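The structure under discussion appears below in the form of structure tokens.
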Amino acid sequence: MHNIKIADINKRVIIVAHDLTPADASQIQLELIKGFVTDRGGKDSHTGIVAKSLKIPSVFGLARATASINNDDILIVDVVLPGLIIINPEEDTLFRYEERLARFEAYRADIERESHLPAITRDGVELNLMANIELVEEVVSAKDNGASGIGLFRTEFLYLDLKRFPTEEELLIKYKELAELMTPQSVTIRTLDINGDKFNPYIDPVEEANPALGLRAVRFCLENKDIFITQIKAILRAGAFGHIKLLIPMISCMEELVQVKAVIRQAVAELERDEKVFNKDIPLGIMIEVPSAVLMADELAGQVNFFSIGTNDLIQYSMAIDRRNRRVAHLYQALNPAVLKMIKMTFEAARKNNIEVVMCGEMAGDPINIPVLLGIGIRHLSMNPASIPVIKKMVRDIDIEKARKISEELIQFTTVQEIIRFIQEEYKDILPYKETED
Ligand code: PEP
Ligand code: MG
């Protein structure tokens, strides 16, 4: 599909593009766009995350997709075998895929039927499975999939869509609506995580050579205090209408947290001065997604009410790979022993300081990771709403005591392949069925 605006598409298509931004993906018309295929990007990029939450079959980072596919080609995008597309399939392949699709849909319907039930392990431990959302409208999907709260509201999409910064009142309307829709369950609102791969030239005209290592998230907010304080005030005010928590992304050192707290104090003082209704006791949490924060987790835990482990970035920054760069996608390893050590360190620091830990990266939504996460001790997981049913099913088949032993035994392994093989062997009876290419 060349030189066509997404908004102008008026028939059912699979979009094949060189690249798609998260904002492009969030604006598509669901009834017309049936899939995404791109040359650039990766499944854990923000565009990938948006596509997954919209349940759009997608393959990112195929390098030669736009060169190999022509307008009006017939395409199959495989949602089970990651990364596979078939261009102009033979009739029998098409037929086989229609059957596969029917089996996949039957499987999903099966697990979705039970997704409103609580997530309790075989030995009776109840887990808190929450949803990550990007738009208030996704509350419907969070509830349909059986989420027990919003564990991560990525607030940047409102900013990306507008060509200016939203006002405090505009933000308040959205956050208040979200708080009220979710009451009595909790909603964790994360402050603006802009730049990195969520770049919008209207917001910050400076294009950086290494955006992932640049003025992203809280770094941008601390440099643009008026924007930051506007958002914090809206969050504190929405806190009067539901159970809201405040989450700060990309903290990489204590100084940043000290500065954030000063901004929050200023927001509180201004709201008091202006006699606004707000909640001054909103729990404050930080994302643990940068290795330096893991190393300082003990000290940081003493200063906040909760941690949220963002594995999408923790993997990116620990393994030194750009999460959008398909050439190093093989190093994007959630179960890498180094990543597991970081998660464990973070969890132990939180436990020692008696604060809650949530995991909200994509790692929490992949069944193979669940035994080790539960074994480490994590009990609060937040994920793409579409992943909740399959994770609930997995949780119900797990025994915490066994998971704890397995996670301890993993220490003997030094490579991700050994870890994956070991888990696959130990949990072969309960890992969801995966079709292999026939
Ligand atoms: C993460 O980094 O794991 C995370 C949840 O945040 P984001 O994907 O928005 O960077
Ligand atoms: Mg992140």
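The values are calculated or read from the model by the stated rules, or taken from the named source; none is laboratory data. Bear in mind that the values here come from a model prediction, so they are computed numbers and not experimental data. Note that we place each Cβ from the backbone using ideal geometry, even for glycine, and neighbour counts take in every protein chain shown. For accessibility, only protein heavy atoms count, side chains too; no ligands or nucleic acids. Shrake-Rupley method; radii C 1.70, N 1.55, O 1.52, S 1.80 Å.
A few points about this structure:
- Options GLU112, GLU137: the member that is of a type in the set (D, E, K, R) and exposed (fewer than 12 other Cβ atoms within 10 Å of the Cβ): GLU137
- Residues of segment 351-365 include none that is crowded, with 20+ Cβ neighbours inside 10 Å, touching a Pro at 6+ places or on another chain (Cβ under 8 Å) and of a type in the set (A, V, I, L, M, F, W, C).
- Total residues in segment 189-203 satisfying the condition of being more than 16 Å from ligand 2 (Cβ to nearest atom), crowded, with 18+ Cβ neighbours inside 10 Å and free of Cβ contacts under 8 Å to residues at least 60 places away in the same chain: the figure is 1.
- Helices (runs of 4 or more DSSP H) contained in segment 372-438 and holding at least 1 residues among the hydroxyl-bearing types (Ser, Thr, Tyr) and crowded, with 16+ Cβ neighbours inside 10 Å: 400-409
- Residues of segment 317-337 that turn out to be of a type outside the set (Phe, Trp, Tyr), over 21 Å from GLU418 (Cα atoms) and either part of a helix (DSSP H, G or I) or over 21 Å from the mean Cα position of the chain (by Cα) (or both), as a count: 2
- Scanning segment 369-383 for residues that are β-branched (Val, Ile, Thr) and on the phi > 0 side of the Ramachandran plot yields a total of 0.
- All conditions in (1) farther than 22 Å from ASP322 by Cβ; (2) open to solvent by less than 70 Å² (accessible area, probe 1.4 Å); (3) assigned to a helix (DSSP H, G or I) hold for ILE282, with the sole exception of (3).
- Among all positions in segment 325-334, there is no residue which is within 14 Å of ligand 2 (Cβ to nearest atom) and open to solvent by less than 20 Å² (accessible area, probe 1.4 Å).
- Flag for ILE282 being among the β-branched types (Val, Ile, Thr) and more than 16 Å from MET250 (Cβ to Cβ): yes
- Candidates GLY83, GLY124 - the one that is open to solvent by less than 90 Å² (accessible area, probe 1.4 Å), more than 17 Å from LYS55 (Cβ to Cβ), more than 23 Å from the chain's Cα centre (by Cα) and not charged (D, E, K, R): GLY124
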